[in-house]
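Down below is the structure, laid out as structure tokens.
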Amino acid sequence: MDRNRKWVPGLGAALLILLCHVTSALEVPLDLPQPPTITLQSPKDYIFDPRENIVIHCEAKGKPTPSFSWTRNGTHFDVEKDSNVLTKPGSGTLVIDISGEKAEAYEGTYQCTAHNEHGTAVSNNIVIRQSRSPLWSKERNEAITVQMGVSLVLQCRPPAGLPPPVIFWMDNNFQRLPLDKRVSQALNGDLYFSNVLPEDTRSDYICYARFPHTQTIQQKQPISVIVLNNSPEGERPPGFMMPLGPASAKMVLRGETLELECIAEGLPTPDISWQKDGGELPSSRMSFHNFKKTLMISDVNEADAGDYRCSATNNLGNAHHMIKVTVKAAPFWVSAPRNLILAPNETGILTCRVNGEPKPKITWFVNGIHAPEDHSRKVEDDTVILSNVQTGSSAVYQCNASNEFGYLMANAFVSVLAEAPRVLTPPNQVYQVIANHPALLHCASFGSPIPTITWFKDSQTSIRNGDPYVIHENGTLEIHVAQPLNSGKYTCIATNNLGIRENHVFLEVKEPTRILKQPEYKVVQRGMSAMFECKVKHDPSLIPTMTWLKDSGELPDDERFVVDTDSLTIKDVTDEDEGTYTCIMNTTLDRDSASAMLTVVEKPDPPTDLELTDQTERSVQLTWIPGDDHNSPTERFLIQYEDLLHQPGVWVNLSEVAGTSTTARLSLSPYIYYSFRVLALNRVGYSRPSQPSRQYRTNPAAPDENPSDVKGVGTEPGNLVISWTPLTGFKSNGPGLEYKVLWRQKDTDGEWSSRSVANVSQCVVSGTPTFQPYEIKVQAFNDYGSGPEPEVMIGYSGEDLPLSAPESLQVMVHNSTLAEVHWEPVSIPSVRGKLQGYKVLLDYGFFHAQVLTFSGNRSEGRLPGLQPYSLYNLFIRVVNSKGEGPQSSSKTFETPEGVPGPPSFLNVTTSSLDSLTLQWGPPMNNNGRLAGYTLKYQPVNNTNELGPVKVMMFLANETTTTLGNLNSSMLYKFYLSAKTIKGSGPIVTEEAFTVIDTGGSRVHILTVKAFNLTLGPTEPPHPTSPITQSPHPPFHKAPPVGPAFGSVNRTVSEDGAVISWEYFGHHKNVYVEYIVENSKEDWKRELVNGSHSHTIKGLKPGTSYRVRVVARDPSDPAVHSTDEVLVTVPAVPSRQVDIATQGWFIGLMCAIALLILVLLIVCFIKRNKGGKYPVKEKEDAHQDPEIQPMKEDDGTFGEYSDTEDHKPLKGSRTPSNGTVRRDESDDSLVDYGEGGDGQFNEDGSFIGQYSGKKEKDTHEGNESSEAPSPVNAMNSFV
């Protein structure tokens, strides 16, 4: 409903307090009284097919239900008196049966009237006409004879039909005649020839007319055209065949399509162009047809009026025609009248705004008759003003606007009602929108006076116009850009002076659907698989539907296409699978889509049609046709040949050309029976070979080249072996291939010796002097001549062992590991071969020898890597390719002292609270006279920080020492090196703990890391001063030492399982991990950084758990872990259960009470008899060892002890195996050994077997065979 209210001018001051209503798309509930409203009517111009019934629609609504009547040609049409006319029940629609009547009898102008007690509505005037398809008038067409080049028009002149027919030209075979810019069909159906050609001669130019309504086709008599060529028309400039003259005019109605046509003649055929004088052609509504001879402009408006110029142009000139276009307009709506709902005494306005050219005339009717003015109604041209309306003045007003081109008529009712508000929108409706989209919350209402709409959010916040809300005139609340915070409950309230109504709706703002990972372009080889991913994010409350399309259609019905949750897989891809694949994610509110192409590639098809051209003795031209590249461009072609004479069946690569080439010039060799083939290569691979070309033979010739790799090498003294690589059959160039071998001694200018050989690759020459240079060459020849002059190569005859040894040996010693030797070289002739160098042999001690080789002709060499403080014996031999010469005389020299090697071992043998005993072994290599040892040591605290260093010196014969005044429970690091007069050698390191002080119990425990050796005199990572030890020495960071964990203890308390451990590592993260025994679940983990104990809570009673402590560090890939310990949680009754309500407890109490009663009776009888029942004495004499109080600290039963001396002190946790624990639950590695006796081997590595601590058997202890007394039993419950 339109809620705008405006002041009505010219009605006086009394009307200023009245409101008028402008209603948009007013809908009155059908349960309320209302005048008729026509809802369906036939078009104004109704052309019917005489083979079918005439159906004239007229339907209306109203309250009460309207009745219908009809007029035909302005007079009442009595439907009931015509048996051929039926009225559809519940409407005014007429169905006229014309099967037995002449259809013309029912042609005319019809108008429908709908009436009830509140008014009358009328329809448009509906003109009923019969469709017609008349026959062509009989005519006889004479043959048309024209000269070539002239213009020609073949007229169609179809019969006038209703509606007009569609025209087209065909031949006798019902084939459309070809049209082009020379031959074209005009809008009126005529066929125009700008100039005729001989091929236009034919006898079957037939014009056809198709009538759309009857679907019939009529044809004109064939026209015969004969084109003569005896006096052809010459070239000429253009001229217009239609329209004629320089200018013409065209009128078109607004909203219709403007069709402008220019057809020109001329030779050559002219080209047509269009332009508008003083303006541009409307490109969005403009189109060219009939080879630009027709210009069409759709939906014409006033701006399209003006002068349009069409131009015809050829190479001899041009012609122009001006068409003046005027635009008229049948009446069209600016604002049609709309229904009014008025309350009594209100004022309203009906407006009928129309336009047209010429200006339309407006006439008002009331209930179908002219509207006279009275005191409550005033008519002012296009406006009717209603004032002070009263109940019972409801009516239907008709506005008729007409000019010479047509008319418009509209009904609008005025209903006078007094009605309280009602909300028409269903209650509790839920609106769902996507975030960042507009949201429309409807509040359709009705009432008279028209209700005022107000909105509230969450029943509290009043909503006013303005960002982000807009309240429309019909009550709809619009949120421009909905956000999640806009979700909630909205209430609209409709109010007028007769009441108030409210309605609740709900808004849910959803997350948009978005494709996060779009499918990507794929290039896949045929037969492989292609997968497109399409990962989507959507609102979880919306149900998504994924759809895949191929080329905008459905996927093929093929099991090779597998659609998964977020992917599409195409198996065994074929060429038909190529295309664009689109994934569409739909929800009930929105959608998103993404596409990607699939390109299927394959190896190329083989080339075809190989052809040999331009043949010469040494070349030929090969051409081919490439095969299909299967979407992967050909990169190159490989040309191969087969030599059917020498290597049949073997294909050899000959040449490669670019993938864009289809020809290649091939160089050939003589005496080859060639056959060629071509392979294509793309990114996928090589194609299959093409079919071989025809055979091509080349003629024999002398060799073009000589053998390669010619060498001369003597294998024995007195010979020369000349070898070469033979020519292949391909290079022989002809039959009878042999080799001519030539040689002579170098620098002698003697004659060449020669020998001819065949089918071999070497020639042996005997009787040569030892190791002399020879000039050698090998030449190929065949039955057709010799090859080119061969290249001369140098070779040497065979070698023999050297004859002499080096002399004058001298040795210079530089230091304890390096010396230098000099000798006098042997003469070159005595080498008797190619000098390879000199070999030096060094002997020292038993079974010690060293060989050094010096290449080339030299007289000295350096001797590195010598053993210090050693006596060497030296020999030298000369070496050639044959072997070694005789040994020289020996030379003896001695190396000086050096620094010693590292001590052979360093062990810590015993330890106490404040002392450690060290033992070591002498170096394996003293490298001189051993002078003594240097020992350095320093403490290491729990955070791996190093303390100050102390230094001690020892004599060479000392190999053990005891260090005192050490800190207890402290780790020490030791560095030991040996020394000679040359200095100290490499150090060895060791680490050890002093004994842990636990305040009364002591165990000598030693924790030692593996033996470390540092090559070189590396100092400890700390300053060496001060020497004295302070109570709290400063520490420096050091690498972690010792194992990360010591022993692990566990107890079960009321709160859970208490796990304690010793930890010496540096790792940042320490965890306690546990798992149910024999379970395959993952370990549960609890972080315990900086602690040495932890309570695991929430364990299930009666269940056993495996527990371990683990240390991890992100920077250290190693993971340190303790051994697993087994923790069993006792199956105790829940403390939350009220024991007094348990049946077993009540029964037990009753039994005890009965037992006490019996005992009392027995005691009473005994006393009466004078006897004494010594209950107390028996209790003292036979104390039951099983009955013991519970320990206060851990809730477990204490162990039985015969004497007080063996009872453990309260709070003591000393294990039964004697293991000493460090303070704060620090354990030692001994706890992991059997019985606590960890041991170390000689190199300090730990050899104790790792195992968990042994728990004391719960059945140990003395058991009394005597049953407990009843009193003791009672005491145990107290």
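Before moving on, here are some points about what is shown:
- Scanning the stretch 566-624 for residues that are under 30 Å from residue 734 (Cα atoms), surrounded by fewer than 18 Cβ atoms within 10 Å (Cβ to Cβ) and of a type outside the set (Asp, Glu) yields 612, 613, 615, 616, 618, 619, 621, 623.
- 3 or more residues surrounded by 14 or more Cβ atoms within 10 Å (Cβ to Cβ): qualifying strands (runs of 3 or more DSSP E) within the stretch 274-367: 294-297, 306-314, 317-335, 340-342, 348-351, 353-357, 361-366
- Selection from the stretch 717-738 of residues that are in contact (Cβ under 8 Å) with a residue 60 or more places away in the chain and closer than 16 Å to residue 784 by Cβ: 729, 730, 731, 732, 733, 734, 735
- Among the residues of this structure, residue 840 does not count as one that is of a type outside the set (Gly, Ala, Ser) and within 26 Å of residue 986 (Cβ to Cβ).
- Among the residues making up the stretch 532-559, a single one is surrounded by 14 or more Cβ atoms within 10 Å (Cβ to Cβ), touching an Asp or Glu at 6+ places or on another chain (Cβ under 9 Å) and more than 20 Å from residue 514 (Cα to Cα): 550.
- Long-range neighbours under 7 Å by Cβ, at least six apart or interchain, first residue under 11 Å from residue 136 (Cβ atoms) within the stretch 214-225, second open to solvent by 20 Å² or more (accessible area, probe 1.4 Å) and small (Gly, Ala, Ser): 218/133
- Within the stretch 38-71, the residues that satisfy the criterion of being within 19 Å of residue 118 (Cα to Cα) and part of a loop (DSSP other than H, G, I, E, B) are 64, 65, 66.
- Of all residues making up the stretch 771-830, the number that are free of Cβ contacts under 8 Å to residues at least 24 places away in the same chain, in contact with a strand residue (DSSP E or B) (Cβ under 9 Å, 6 or more places away or on another chain) and among the small types (Gly, Ala, Ser): 1
- The strands (runs of 3 or more DSSP E) located wholly in the stretch 187-255 that include 1 or more residues which are at pLDDT 90 or above, open to solvent by less than 60 Å² (accessible area, probe 1.4 Å) and closer than 30 Å to residue 404 by Cβ occupy 236-242, 247-253.
- Residue satisfying condition, being part of a loop (DSSP other than H, G, I, E, B) and at pLDDT below 65, within set 1006, 1099: 1006
- Of the residues in the stretch 1118-1129, at least one is at pLDDT below 80 and either of a type in the set (A, V, I, L, M) or not in a strand (DSSP E or B) (or both).
- Listed conditions (1) in a loop (DSSP other than H, G, I, E, B); (2) closer than 14 Å to residue 293 by Cβ are all met by residue 178, apart from (2).
- Candidate set from the stretch 643-683 (those that are aliphatic (A, V, I, L, M) and assigned to a loop (DSSP other than H, G, I, E, B)); member that is farthest from residue 612 (Cα to Cα): 645
- Residue 760 vs. criteria surrounded by 12 or more Cβ atoms within 10 Å (Cβ to Cβ) and outside any loop (DSSP other than H, G, I, E, B): no
- Residues of the stretch 456-495 satisfying the condition of being over 46 Å from the mean Cα position of the chain (by Cα) and either free of Cβ contacts under 8 Å to residues at least 24 places away in the same chain or not in a loop (DSSP other than H, G, I, E, B) (or both): 460, 462, 464, 492, 493, 494, 495
- Count of the stretch 403-441 residues which are farther than 30 Å from residue 342 by Cβ and either open to solvent by less than 50 Å² (accessible area, probe 1.4 Å) or not in a strand (DSSP E or B) (or both): 13
- The listed residues are 946, 963, and the only one of them that is modelled with pLDDT under 90 and buried (at least 19 other Cβ atoms within 10 Å of the Cβ) turns out to be 946.
- The stretch 939-952 residues that are closer than 19 Å to residue 1062 by Cβ, paired with ones that are of a type in the set (Asp, Glu) (beta carbon under 8 Å, 6 or more apart): 940/991
- When the stretch 472-486 is filtered for residues that are open to solvent by less than 40 Å² (accessible area, probe 1.4 Å) and not acidic (Asp, Glu), the ones remaining, listed by number, are 475, 476, 477, 479, 482, 486.
- Scan the stretch 92-135 for residues that are β-branched (Val, Ile, Thr), modelled with pLDDT of 90 or more and not in a strand (DSSP E or B) and the total you get is 1.
- The residues in the stretch 558-605 that are under 20 Å from residue 537 (Cα atoms), in contact (Cβ under 8 Å) with a residue 60 or more places away in the chain and assigned to a loop (DSSP other than H, G, I, E, B) can be counted, and the count is 4.
- Any hit, the stretch 777-785, residues being surrounded by 18 or more Cβ atoms within 10 Å (Cβ to Cβ), under 21 Å from residue 748 (Cα atoms) and either touching a helix residue (DSSP H, G or I) at 6+ places or on another chain (Cβ under 6 Å) or acidic (Asp, Glu) (or both): no
- Among the residues of this structure, residue 884 does not count as one that is open to solvent by less than 60 Å² (accessible area, probe 1.4 Å), farther than 30 Å from residue 995 by Cα and charged (D, E, K, R).
- Filtering the stretch 966-979 to residues that are among the polar types (S, T, N, Q) and crowded, with 20+ Cβ neighbours inside 10 Å leaves only 977.
- Enumeration of residues in the stretch 932-943 that are open to solvent by less than 50 Å² (accessible area, probe 1.4 Å) and assigned to a loop (DSSP other than H, G, I, E, B): 941
- Restricting the stretch 695-716 to residues that are assigned to a loop (DSSP other than H, G, I, E, B) and either open to solvent by less than 60 Å² (accessible area, probe 1.4 Å) or free of Cβ contacts under 8 Å to residues at least 24 places away in the same chain (or both) leaves a set whose member that is nearest to residue 771 (Cα to Cα) is 714.
- If you filter the stretch 368-384 down to residues that are surrounded by 11 or more Cβ atoms within 10 Å (Cβ to Cβ) and of a type in the set (A, V, I, L, M, F, W, C), you find that the one that is farthest from residue 35 (Cα to Cα) is 379.
- Selection within the stretch 727-754 - assigned to a loop (DSSP other than H, G, I, E, B) and under 60 Å from the mean Cα position of the chain (by Cα): 727, 728
- Within the stretch 539-557, the set of residues being within 29 Å of residue 433 (Cα to Cα) and either in a loop (DSSP other than H, G, I, E, B) or among the hydrophobic types (A, V, I, L, M, F, W, C) (or both) comprises 539, 540, 541, 542, 543, 544, 546, 548, 549, 552.
The values are calculated or read from the model by the stated rules, or taken from the named source; none is laboratory data. Keep in mind it's a predicted model, so treat the numbers as computed, not measured. Note: ideal-geometry Cβ built from the backbone for every residue, glycine included; neighbour counts use all protein chains shown. Note: areas computed on protein heavy atoms with side chains; ligands, DNA, RNA excluded. Shrake-Rupley method; radii C 1.70, N 1.55, O 1.52, S 1.80 Å.
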